[in-house]
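Peer 1: First, the structure itself, so that you have it in front of you.
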Amino acid sequence: MSDRPLLQSPGDHGPGDHGHCCGDIGRRVAARRRQLGLTREEVALRSGSAPGYIQYLEEQPATPGIGFLLRLADALETSVIELEGGTVDLPPGAGAPAGRPHMVELGLDECSALLGTHGVGRVAVTSHDHPAIVPVTYVVDDGDVVFRTPPDALAPTGRGREVAFEVDHMDDVMGRGWTVLVVGEPHPVTDPEAVRRLDRQAYRTPWADGENARWTAVTPSRVTGRRVEAEYAHHDMHTRERAHRI
């Protein structure tokens, strides 16, 4: 296996846009905009607004009117109920697939980009008694997927013992989604300087048992991904783009 890490580190993706968002709608707008790779100027153009107002919406508590929310949701290829958080308690994937869906295999670069620098994923492990799925907050650090769990969440690790880490996204509004799977050997992070660096790099506290959580790194031996696409998805997207420019 090459010494080059399979996954890119956070710095390889360019500067992040992790400004403080004070309103729930603003957080969702900022997250969706980054997901689509749009600038504030592009969102403003699509929604018939001003870049300054998009910035204000993302960074300050705001209560925009329904007319603007409808335009904003269309600009971000989502729905008003998604922007308002109306689906947070529903399991993903309830929406019908768009058009004629088909599965597309993803390359390593796209898998790395979808993993991003941080987020929430799941680790599949065989515990002392039975298989388990553990939700974790994670970061990508020097090619490793690194996450924190309570000390007893993972069975003792050893050479040749692998775990699977998975992260995915389902877009119920557009009826499509993707998944990335990382398989590799886990090893505890014990170096004090590395722990301090990861603590600074982490964007969220662990989901459970934050005070006693330990860092574990998974060095990927295999990274695979799939995306569900629809035949007319690209056509519809280009149609919307032309409509926004008219």
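Please treat every number below as a calculation from the coordinates, not as lab data. Since we're looking at a predicted model, the values are computed, not measured. Every residue, glycine among them, receives a Cβ derived from its backbone with ideal geometry; neighbour counts consider all protein chains shown.
Peer 1: Can you compute the FRET efficiency between residue 133 and residue 196 using 1/(1 + (r/R0)^6), with r the Cβ-Cβ distance and R0 = 41 Å? Round to the nearest 0.05. Don't skip to the answer; put the middle values down first.
Peer 2: On the way: r = 29 Å, r/R0 = 0.71.
E(calc), rounded to 0.05, equals 0.90.
Peer 1: At 7 Å along the Cα-to-beta-carbon direction for both residue 168 and residue 80, put a label point, then send me their distance in nm to one decimal.
Peer 2: 3.1 nm
Peer 1: Spin-label point model (7 Å from Cα, Cβ direction): what's the residue 187 to residue 36 distance in nm?
Peer 2: Computed distance between label sites residue 187 and residue 36 equals 4.3 nm.
Peer 1: Could I ask something else about it? Give me the extension gain from residue 142 to residue 222: residue separation times 0.36 nm, minus the current Cα-Cα distance, reported in nm with one decimal. Could you put the intermediate results ahead of the total?
Peer 2: Values: separation 80, 0.36 × 80 = 28.80 nm, distance 1.58 nm.
My answer for the length gained is 27.2 nm.
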